[in-house]
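Take a look at the structure set out below.
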Amino acid sequence: LARDLAALEADPTLGWATSRVLDLLPDGSTAGFPGDPEHGPIERGEVLDSWKANGYRAQVHPATLLVRRDLLLALGGWMALPASEDTGLLLALNCVSRGWFSQEVGLLYRKWEGQVTGQAAHVAPDERDARMAVVEARARALASLSWHFPADTPAAR
């Protein structure tokens, strides 16, 4: 948290930060994600574009989000979905503000057979497609607005 907070404090044009995730597998080994972005700023729209192009898989993990409080409140927080509510927030943030990615590991994501994201209801195509459509609709609606964070930048005028 201190590392990500330092990134936000150093650049007031950043609205959020995220970091690298390693999957912690049942045998104790770890696996990284081959699609991690470069260390540094993530421009508006990059996560949404990558998510859409890669079968609704974001290039950064929303469980590592650190968000400016005023931006979080302005977006209404996490989406009211049975799952993927953190992805919805991540994409909304990315449509209105720049972010920061740290290549240093910020989370070990425990993979196990009982996890919700591995259950049939979570991955059922109709349910998943419906959730992703709502997530995308919110992100695209926000992207179409003239408002961006921070609001006093030329891009927001």
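The values are calculated or read from the model by the stated rules, or taken from the named source; none is laboratory data. Just so it is clear, the model here is predicted, and its values are computed rather than measured. Glycine also receives a Cβ, built like all others from the backbone with ideal geometry; neighbour counts cover every protein chain displayed. Note: accessible area is taken over every heavy atom of the protein model, side chains too, but ligands, DNA and RNA are not part of it. Shrake-Rupley method; radii C 1.70, N 1.55, O 1.52, S 1.80 Å.
Here the chain is assigned +1 on the Cβ of each Lys and Arg and -1 on the Cβ of each Asp and Glu. Its dipole about the Cα centre then comes out at about 260 debye. Each Lys or Arg adds one and each Asp or Glu subtracts one; over the other residues with Cβ under 14 Å from the Cβ of G55, this totals +1. Taking the Cβ of R20 as the centre, find all other residues whose Cβ is under 14 Å away and add up their charges (Lys, Arg: +1; Asp, Glu: -1). Within the 14 Å Cβ shell, the charges total -4. Note on region 82-157: Cα convex hull, mean projected area over all directions, 6.7 nm². Solvent exposure of region 38-157 amounts to 54 Å² per residue of accessible area, where only protein heavy atoms count and the probe is 1.4 Å.
Put simply, the C-alpha atoms of the chain give a gyration tensor, and the ellipsoid matching it has half-axes of 26, 20, 12 Å, longest first.
Using a probe of 1.4 Å, the accessible surface attributed to H39 totals some 90 Å² when neighbouring protein chains are kept in position. Here the 3J(HN,Hα) profile of region 62-73, calculated from phi with Karplus coefficients 6.51, -1.76 and 1.60 at θ = phi - 60°, is x, 6, 9, 4, 10, 10, 5, 4, 5, 5, 4, 5 Hz, Gly and Pro shown as x. Residues V134, V96, sorted by accessible area with the largest first, give V134, V96 [1.4 Å probe; ligands and nucleic acids excluded]. 222 nm [θ] for the chain, helices only, -39500 (n - 2.57) per DSSP H run of 4+, per residue, to 500? Helix contribution divided over all residues of the chain: -11000 deg cm²/dmol. For the residues L91, L66, L81, a GNM of the chain with alpha-carbon springs under 10 Å puts the largest fluctuation on L81. Across region 136-146, coupling constants 3J(HN,Hα) worked out from phi with the 6.51/-1.76/1.60 Karplus curve, θ = phi - 60°, read 5, 4, 4, 4, 5, 4, 5, 5, 7, 6, 8 Hz, and Gly and Pro carry x. Using a 1.4 angstrom probe on heavy atoms only, work out the carbon and sulfur share of the accessible area of the chain in %. With neighbouring chains kept in place, the figure for the chain is 56 percent. Largest first, the residues R3, R110 sort by 1.4 Å accessible area into R110, R3. Count Lys and Arg as plus one, Asp and Glu as minus one, and take only other residues whose Cβ is under 15 Å from that of P37; the net charge is then -3.
Distance from the alpha carbon centroid of region 25-40 to that of region 85-101 works out to 20 angstrom. Phi-derived couplings, Karplus 6.51 cos²θ - 1.76 cosθ + 1.60 at θ = phi - 60°, listed residue by residue for region 7-16: 5, 5, 5, 6, 9, x, 7, 8, x, 7 Hz, with x used for Gly and Pro. What you get for region 77-157, charging only the Cβ of Lys and Arg (+1) and of Asp and Glu (-1), is a dipole of about 200 debye around the Cα centre.
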